[in-house]
Amino acid sequence: EFRRVLFRSSSIVKVSDGTLKRYILGESLIHPAIRDHIAGNHRDIVEEVMDAISGERVVVIGMSGNPFVSKTKKLLNALGIDYAYLQYGSYFSQWRRRNALKMWTGWPTFPMIFINGKLVGGYQNLKILSDFEELQRLAKE
């Protein structure tokens, strides 16, 4: 019952860009004493990634020890595609900072790959784009 009322509330902000719809807890449902904390929670890492994706054609966000990050870099190198790489910790460190990126993008895993400012997903998504030569086309735009 609570969930149904909560999602019908005008205090839930539905963010929509075309067919993608995401819910964000509205400001009126957040106590004023913690609003600044939420707004600034690891904002620096999000802003660093935003700067990178606005200035680079291909950006890979990863973490140490993740085999899919290694596969991503290997694929891009094999195709001769230049990319910027931002690494945030490992399985044992900086998970809270990486969580801010997951919340911002809605993407649950690493790597996060951006091409021309758009999130295209992770390694498996990149591999599919490569298999259909879409990756090569996007990287040249």
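How much accessible area per residue does the chain have, counting only protein heavy atoms and a probe of 1.4 Å, in square angstrom?
Values: 9450 Å² over 141 residues.
Accessible surface, normalised per residue, equals 67 Å².
Can you work out the FRET efficiency for the pair Asn125 and Glu27, with r the C-beta to C-beta distance and R0 = 41 Å, to the nearest 0.05?
Efficiency at R0 = 41 Å is approximately 0.80.
Go ahead and run the numbers for FRET between Leu138 and Glu48, Cβ-Cβ distance against an R0 of 30 Å, rounding to 0.05.
0.85
With each run of n ≥ 4 DSSP H residues scored as -39500 (n - 2.57), what mean residue ellipticity at 222 nm is computed for the chain after dividing by its residue count and rounding to the nearest 500 deg cm²/dmol?
-14000 deg cm²/dmol
Quick one: what does P(r) look like for the chain with 5 Å bins over all Cα pairs, in whole %?
2, 9, 16, 18, 17, 13, 11, 7, 5, 2, 0
What part of the accessible area of the chain, given as a whole %, is carbon or sulfur when the probe is 1.4 angstrom?
So the carbon and sulfur contribution to the accessible surface is 54 percent.
So which aspartates and glutamates pass the test for Lys74, namely a Cα distance under 13 Å, with those fewer than 8 places away in the same chain ruled out?
Reachable aspartates and glutamates: Asp82.
Enter the accessible area of His37 (Å², nearest 10), with the probe set to 1.4 Å and all protein chains included.
The accessible area of His37 comes to roughly 130 Å².
Not counting ligands, DNA or RNA, and with a 1.4 Å probe, what is Phe68's accessible surface area in Å² rounded to the nearest 10?
The value for Phe68 is about 80 Å².
With the dipole of the chain worked out from charges on the C-beta (+1 for Lys and Arg, -1 for Asp and Glu) around the Cα centre, which of His37, Ala78, Pro108 lies farthest toward the positive end?
So the residue furthest toward the plus end is Pro108.
The values are calculated or read from the model by the stated rules, or taken from the named source; none is laboratory data. From a predicted model like this one, the values you see are computed outputs, not experimental measurements. Please note: Cβ atoms are built from the backbone with ideal geometry, for glycine as well, and neighbour counts cover all protein chains shown. The protein model used for the area step is the full one, side chains on, heavy atoms only, and it has no ligands, DNA or RNA in it. Shrake-Rupley method; radii C 1.70, N 1.55, O 1.52, S 1.80 Å.
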